Amino acid sequence: MLSLSRTFAIHYWLDALSDDTLRRLANDHVDTTHPPDLNRNHKHNHKQMGRQLLQFAEPIADSHNPYESRFNQTQSIFTALLAAASTVLGISVCSIALTYTGAYPVNIFVVLGVIVFLPLGTLLLTLLSAMLRAARSNRTPGFTSTTYLQAMTRRLDHDLADYFVEHAWRYADIIYWSVQRDMQLISLAFLTSAAITFLLLITFSDIAFGWSSTLNIAPQQVHGFTQALSFMWADLLPLAHPSADLVVDSRFYRMSPDNNPERLGLWWPFIAMCILVWGFLPRLLMFFFCRYKVRRTLEQTLLNHPQVTALTDLLNASKISFDSEVAVQTDSNQHASAPLKSSSTDSMNIISWNLANPAGIQAGYGDSSRQIDAVFEQLSMPTEQITIQVKGWEPPLLEFNDFVELLRAHAGRSCSIVVELISLPDLMLDDDAIGAWRATVGKLRDPETYVQVPR
């Protein structure tokens, strides 16, 4: 089952793979009997891509990730402790709110305020937070998500935890919705314990309810307020729909004794339904919505990774290679050994950066906006892939990232951008040079842009 820790494990494993290993992986696992259609632009292939990636990545990622069970255990313990604390809080708050000495009735405004309206208000704040977050394009973990992430990674290996925190922006949406899902569970624990405590207290003790306010509130206003709250069940449960006479008879004053003790107990069905309809059900619906968002975000985040884009391009290249082999071979059993092409990019969509390749479309440091526009006009659009060939032995500058961002704006999100590191026969690229380019390109936070070292 896909989870935050499983997604992170697959990404952690993919980041550690070399380009040659990635090519072998794609070549070994392509289904030559039914070649996959892995066009990232097709929405109906989104889940197919995720399933295929999980099919061959999960077993390998499992062997490279002994900390997943520890992560999941920490997450479960963390949520359980908060839920237990919320349960105790619900019992305490409900018991205090329903404290009845016999001198004055329990004020329904206090009960509804702490058990119904306070949780409902926090739920509305959660919805507002989600809407504001959806409106932002640059999403990073907030304070709550960061604290949650630090608590989850505390028991992990230091290198693994540092990597997780460093790439927290990639998992910001998953962390956010996971936190919101757990918060709904905690709130449900509070409301469930409060509702059970309420039912137990009204069953085994004689509690009188009423209403009172320092403000000059008329009984007609209170009756209208209760009608608005109970309109959803007024016809089904008349006992849970307070009448105007009950509202008038239930009003009490500071120095006035209770004159209607028998009628004041008729408020409990209304309060119970308010807890259920306005407290419990919205939280339950929000919990299922958050759980759906977690699953959906996990699928998207799993695929929104540069190495996944590279793997997808290799699998597509393998499919093209397979199709061409089938067209020329008569023996259907020989197509399994078809060579894997490292790229299917059109030669018209190769940009040579800083004279890395005299044959490509030339661009480089110091180009004006007019020159950059001229470069973009030479590209054959639309296209699925654009390759930028760079001198791998030269350290990258941030101006290169500015160019890639302009190229992304021109090409759109559906096109993958490959930064291909060119080397010389007498000047091979070392790990430091490759790592420097990966780190620089990684600052773009673009899952469709990746670094590739040609064979």
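The values are calculated or read from the model by the stated rules, or taken from the named source; none is laboratory data. If you're wondering where the values come from, they're calculated on a predicted model, not measured in any experiment. Every residue, glycine as well, gets a Cβ built from its backbone with ideal geometry; the counts of neighbours run over all protein chains shown.
Miscellaneous remarks
- Residue within the range 399-409 that is in contact with a Pro (Cβ under 9 Å, 6 or more places away or on another chain), of a type in the set (A, V, I, L, M), crowded, with 16+ Cβ neighbours inside 10 Å and under 19 Å from residue 360 (Cα atoms) present: no
- Restricting the range 380-430 to residues that are part of a strand (DSSP E or B) and of a type in the set (D, E, K, R) leaves a set whose member that is farthest from residue 348 (Cα to Cα) is 391.
- Within the range 120-177, if we keep just the residues that are modelled with pLDDT of 80 or more and of a type in the set (D, E, K, R), the residue that is farthest from residue 289 (Cα to Cα) turns out to be 170.
- Every condition in (1) of a type outside the set (A, V, I, L, M); (2) in contact (Cβ under 8 Å) with a residue 12 or more places away in the chain; (3) in a helix (DSSP H, G or I) is met by residue 210 except one, and the failing one is (3).
- Here residue 440 passes the criteria (1) polar (S, T, N, Q); (2) over 26 Å from residue 11 (Cβ atoms); (3) in contact (Cβ under 8 Å) with a residue 40 or more places away in the chain; (4) not in a loop (DSSP other than H, G, I, E, B) except the one numbered (2).
- When the range 96-129 is filtered for residues that are of a type outside the set (Val, Ile, Thr) and assigned to a strand (DSSP E or B), only 107 remains.
- Qualifying residue in the range 378-392 (condition: in contact with a Ser or Thr (Cβ under 8 Å, 6 or more places away or on another chain), farther than 24 Å from residue 304 by Cβ and surrounded by fewer than 17 Cβ atoms within 10 Å (Cβ to Cβ)): no
- Hey, residue 359 surrounded by fewer than 17 Cβ atoms within 10 Å (Cβ to Cβ), modelled with pLDDT under 85, in contact with a Ser or Thr (Cβ under 6 Å, 6 or more places away or on another chain) and not basic (Lys, Arg) or not: no
- Unmet criterion (only one of (1) part of a loop (DSSP other than H, G, I, E, B); (2) of a type in the set (Gly, Ala, Ser); (3) surrounded by 17 or more Cβ atoms within 10 Å (Cβ to Cβ)) for residue 433: (1)
- Hey, residue 181 at pLDDT 90 or above, under 28 Å from residue 80 (Cβ atoms) and of a type in the set (D, E, K, R) or not: yes
- Residue tally, condition under 19 Å from residue 18 (Cα atoms), surrounded by fewer than 20 Cβ atoms within 10 Å (Cβ to Cβ) and within 29 Å of the chain's Cα centre (by Cα), over the range 410-430: 0
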